[in-house]
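Novice: Take this structure, written in C-alpha cells, and hold onto it; I'll ask about it next.
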Ligand code: ATP
C-alpha cells in the first residue's frame, strides 16, 4: 500500500460463512479517497456482514481487507479513530438530551475540544431546534440524525453507513444526500454506504456495487448504470399475433408482448408504426420504455438464478 493514491478501502477475496450460509462470497472491491461508494442489495445480500468485516467487528472466513492503509483484523480498533460508522439501528441514551448524548460521545472519543465539536455537528445536521430535547421523544428521523451526528463528530476521513436513510421522511433523505455529497466534495471524506434503495443510490452519483447472495454481481458508476439499463419499444395492437408475424417478416426481433429491442425500432419507431398500419394491424399504443432502476436491479439479480 502507501502512496497518495492508495485506495481508502481495498478488499480482496473477502468471504464470510456462517455454518451453511455464505453471507459474503469472494468479494473484491476498492474505494478511492473522496469517493462515495454504495453497496446495493436486497435484504440479506450480505451488506452488513461486509461492513462489519471492514470495521473489524467480525473476522472473515477468508480474504483480506485494508482500510485507511491498515490491514483489518477482528477486534483491532486503530481504524475506528479516523472512521465514523453507523451499523446498528440508531441508539441514544433516552433520558439524555441530544446535546448531552453528543457530549458523552465526544468525551468517549477523547476529543480535545468536545464542546466545539458538539456545537459544530449540531449545526451541520440541523439539530439546533432539538438540541435540548431528550432522545426518547425524538422522531425516528431525528434519532437517525443524532446517530449520524455521532458518526461525524470527530470529522472522520472515512464514513461507513449501513442503510443511513432507513426511517427518514423524504425531506430527511434529501438532507442526508446533500450532507454526504457535500462531505465528499468539500472535505474529501470517503463514504461507503449500503442501501436497498436503487433510485436513492443513483442520485448520490456514487460508484455502485450490486451485491446479491453474498456476491458482487456488477459495479457501475451512475453513467454506466444508465447505459446498461434496457430500453424497448412497447407496441400494442388489436391482433398481436398478426402484428408479431409482420414485424418478424420485416426483420424485427419481437419479444412476447410485442416488445422490440432492435436498435432500428428504438431509433425509428415511426417506421414500425407505418409498417403495422400498412399491414392492417395499426398500433393502438406505441411507446418507448426505459427500464427503471428497480427493474434493472431485479434483472441483474434474476440473471443469477437463470
Ligand atoms: P439487511 O439489509 O437485511 O441487513 P444485508 O444485506 O445487510 O441485509 P446481512 O445482514 O449481511 O445482509 O446477511 C447476509 C446473510 O448472512 C443472511 O442470509 C443472514 O441471514 C446471514 N447472517 C448474518 N449474520 C449472521 C449470523 N450471525 N449468523 C448466521 N447467519 C447470519
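Novice: Calculate for the chain the 222 nm mean residue ellipticity that helices alone would give, adding -39,500 (n - 2.57) per DSSP H run of length 4 or more and normalising by residue count, nearest 500 deg cm²/dmol.
Specialist: Here the helix-only value at 222 nm equals -10500 deg cm²/dmol.
Novice: Shifting gears a bit: Hey, with R₀ at 22 Å, roughly what FRET efficiency would residue 166 and residue 231 work out to, going by the Cβ-Cβ distance, to 0.05?
Specialist: With R0 = 22 Å, the Cβ-Cβ based efficiency is 0.10.
Novice: What percent does the relative contact order of the chain come to when contacts are Cα pairs within less than 8 Å and at least six residues apart?
Specialist: 19
Novice: Sticking with this one: Could you check the spin-label model distance between residue 30 and residue 262? Points 7 Å from the Cα along Cα→Cβ, value in nm.
Specialist: In this crude label model, residue 30 to residue 262 measures out at 4.4 nm.
Novice: Using the number of other C-beta atoms within 10 angstrom as an exposure proxy, rank 42, 138 with the fewest first.
Specialist: Listing 42, 138 from fewest to most nearby Cβ atoms yields 42, 138.
Novice: Shifting gears a bit: For the ranges 112-121, 32-41, what's the packing order if you count other beta-carbon atoms within 10 Å of each residue, average per peptide, and put the highest first?
Specialist: 32-41, 112-121
Novice: May I pose another question? Over the stretch 53-111, what is the relative contact order in percent, taking alpha-carbon pairs closer than 8 angstrom and at least six residues apart?
Specialist: 24
Novice: Rounded to whole Å and sorted largest first, list the principal axis extents of the Cα atoms in the chain.
Specialist: 80, 46, 39
Novice: I need 80, 66 ordered by Cβ neighbour count within 10 Å, fewest first.
Specialist: 80, 66
Novice: As an exercise, use a Förster radius of 35 Å and the Cβ-Cβ distance of residue 178 and residue 91 to find the FRET efficiency, rounded to the nearest 0.05.
Specialist: FRET efficiency, residue 178 to residue 91: 0.90.
Novice: I would also like to ask the following. Under a point spin-label approximation (7 Å from Cα along Cα-to-Cβ), what is the residue 136-residue 42 distance to one decimal in nm?
Specialist: Distance between the two pseudo-spin positions: 4.0 nm.
Novice: Continuing with this model, one more query. Sort 287, 232, 196 by Cβ crowding within 10 Å, fewest neighbours at the top.
Specialist: 287, 196, 232
Novice: I need to check one value: relative contact order of the stretch 177-289, counting alpha carbon pairs closer than 8 Å and at least 6 residues apart, in percent.
Specialist: It comes to 23 percent, rounded to a whole number.
Novice: Only residues of the stretch 38-71 count here: report those whose backbone N is under 20 Å from the spot 7 Å along Cα→Cβ of residue 300, or say none.
Specialist: Hits in the stretch 38-71 for residue 300 at 20 Å: 38-51.
Novice: Need one number: nm distance between label points at residue 287 and residue 249, each 7 Å from Cα along Cα→Cβ, rounded to one decimal.
Specialist: So the label points at residue 287 and residue 249 sit 2.9 nm apart.
Bear in mind these aren't lab numbers, they're just calculated from the coordinates by the rules spelled out. These numbers come from a predicted model, not from an experiment. Neighbour counts are summed over all protein chains in view; Cβ atoms, including those assigned to glycine, are modelled from backbone coordinates with ideal geometry.
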